[in-house]
Amino acid sequence: QVQLAESGGGLVQPGGSLRLSCAASGSNILTISDVGWLRQAPGKQRELVATITRGGTTNYLDSVKGRFTISRDNAKNTVWLQMNSLKPEDTAVYYCNMKGRTKPYSPFDQWGQGTQVTVSS
């Protein structure tokens, strides 16, 4: 059983920064491949904000390019989303999603519980 624990959300003023983290736990994790951060604002569909492969290749939603940075530590099974120059339109619940395999070689696709990010003065 793989579990994801998210942290780092909160209330921040426009222009401020937050760093979200997502840590995977489970004694039988073999490998974690692609990881994504998604967000969902009230009344809107969930959207993919950023992704990172195991090798470190990243992709970003156009509206966050240059402001958000996704990174990971494969040894710690942890991923971060550094969010700078935050805007009110970044307000949403942020979710991490990890794909990988557990021993002996079963795939998993797990979601974090979500963390609220509110950008407001």
Handout entry: Output for segment 57-99, where each listed residue is modelled with pLDDT of 95 or more and small (Gly, Ala, Ser)
Key = SER63, GLY66, SER71, SER85, ALA92
Exercise for the section: With the condition kept exactly as written, say whether any residue in segment 54-77 is closer than 25 Å to SER121 by Cα, in a loop (DSSP other than H, G, I, E, B) and in contact (Cβ under 8 Å) with a residue 40 or more places away in the chain. Expected result: no
Practice task
Give the residue that is surrounded by the most Cβ atoms within 10 Å (Cβ to Cβ), with candidates limited to residues of segment 38-75 that are closer than 22 Å to ARG101 by Cβ and touching an Asp or Glu at 6+ places or on another chain (Cβ under 8 Å).
Solution key: ILE52
Handout entry: segment 85-121, residues that are under 15 Å from SER63 (Cα atoms), touching a strand residue (DSSP E or B) at 6+ places or on another chain (Cβ under 7 Å) and in a loop (DSSP other than H, G, I, E, B)
Key = LEU86, LYS87, THR91
Exercise for the section: Restricting attention to segment 20-34, report how many residues are out of contact with any Lys or Arg (no Cβ under 6 Å at 6 or more places or on another chain) and either assigned to a strand (DSSP E or B) or open to solvent by 40 Å² or more (accessible area, probe 1.4 Å) (or both). Expected result: 9
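The values are calculated or read from the model by the stated rules, or taken from the named source; none is laboratory data. All values derive from a computational prediction rather than experimental measurement. Note that each Cβ is placed from the backbone with ideal geometry, even for glycine, and that neighbours are counted across all protein chains shown. Heads up: the accessible areas ignore ligands, DNA and RNA and are worked out on the full protein's heavy atoms, side chains in. Shrake-Rupley method; radii C 1.70, N 1.55, O 1.52, S 1.80 Å.
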